[in-house]
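Trainee: One structure coming up, written as structure tokens, with questions to follow.
Throughout, read-outs are computed from the coordinates displayed, never taken from laboratory work. Note that this is a predicted model, so its numbers are computed, not measured. Virtual Cβ from ideal backbone geometry, glycine too; neighbours counted across all protein chains shown.
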Amino acid sequence: MPCAPCAVTDVIEARGLGRAYGERVVMRDLTFTVAEGETLAVLGPNGAGKTTLLRMLATLLRPHAGTVRVLGAELPHEGHKVRGRLGFLGHESLLHPALSPRENLLFNARLHGVATARIDTLLDHVGLALRADEPLRTFSRGMVQRVAICRAVLHEPELLLLDEPYANLDPDAVKLVAPLLATAHTRVLVSHDHAAARAEADQVLEL
């Protein structure tokens, strides 16, 4: 006898989201859901609210209207329940330039209780094993982006929030990091490359 279909769990549930900066409204009445295992591509022109949305989902900004639940927690009140289960890659690397890639990742590994052996595995994967102990301030922007991607996936998050993840990367670097970014169960991807984003997405949200 065949099994009944399993219920799909929504990792993100947003209802009527709104956000303004002073008198400038950047988001109004935004409603969407993202099921477990899906990739949502968020597309739109500059200033449409793409980064604002990602920062709300990462618990870094409060919505001014509407409700949002992430991994079953209502934000922002229950943000503490999900922060350790998210991976966030924004415009800023969230890395300390005076520290080496290994030192930066070691700090994050201790925060998340991750075995330090994973640091070497990730740095080797993105082609930075030989420069793992050099100060980050000596790196190109593309190399810093590779380390930032390692930071975002270090703890194998359940939800990965990606804001232009391939920025500053040449085609060879993209080939190195793309498999790491594909390992998360659920992803929200902000990109200006609409064709590439649509190719990766299960659903598209246009702002």
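Trainee: Which order do the peptides 145-158, 17-30 come out in when sorted by mean C-beta neighbours inside 10 angstrom, highest first? Write down the numbers at each step before the final one.
Mentor: Numbers: 145-158: 21.6, 17-30: 13.7.
Ranked by mean Cβ neighbours within 10 Å, highest first: 145-158, 17-30.
Trainee: Also: Quickly rank 109-118, 83-92 as a protection proxy: mean count of other C-beta atoms within 10 Å, highest first.
Mentor: Working: 109-118: 12.2, 83-92: 17.1.
Highest mean packing first, the order is 83-92, 109-118.
Trainee: Counting only DSSP beta bridges with both residues in region 10-206, what percent are antiparallel, rounded to the nearest 5?
Mentor: Working: 16 of 33 bridges.
Taking every DSSP beta bridge with both residues in region 10-206, the antiparallel ones total about 50 percent.
Trainee: With each run of n ≥ 4 DSSP H residues scored as -39500 (n - 2.57), what mean residue ellipticity at 222 nm is computed for the chain after dividing by its residue count and rounding to the nearest 500 deg cm²/dmol? If you can, show how the numbers build up before the last one.
Mentor: Details: 6 runs with 60 residues, N = 207.
Value at 222 nm, helices only: -8500 deg cm²/dmol.
Trainee: Tell me the label-point distance for the pair residue 77, residue 202, using the 7 Å Cα-to-Cβ offset, in nm and rounded to one decimal.
Mentor: Distance between the two pseudo-spin positions: 2.8 nm.
Trainee: Which whole-angstrom value gives the distance between the alpha carbon centres of region 92-156 and region 39-91?
Mentor: Going from one Cα centre to the other spans 24 Å.
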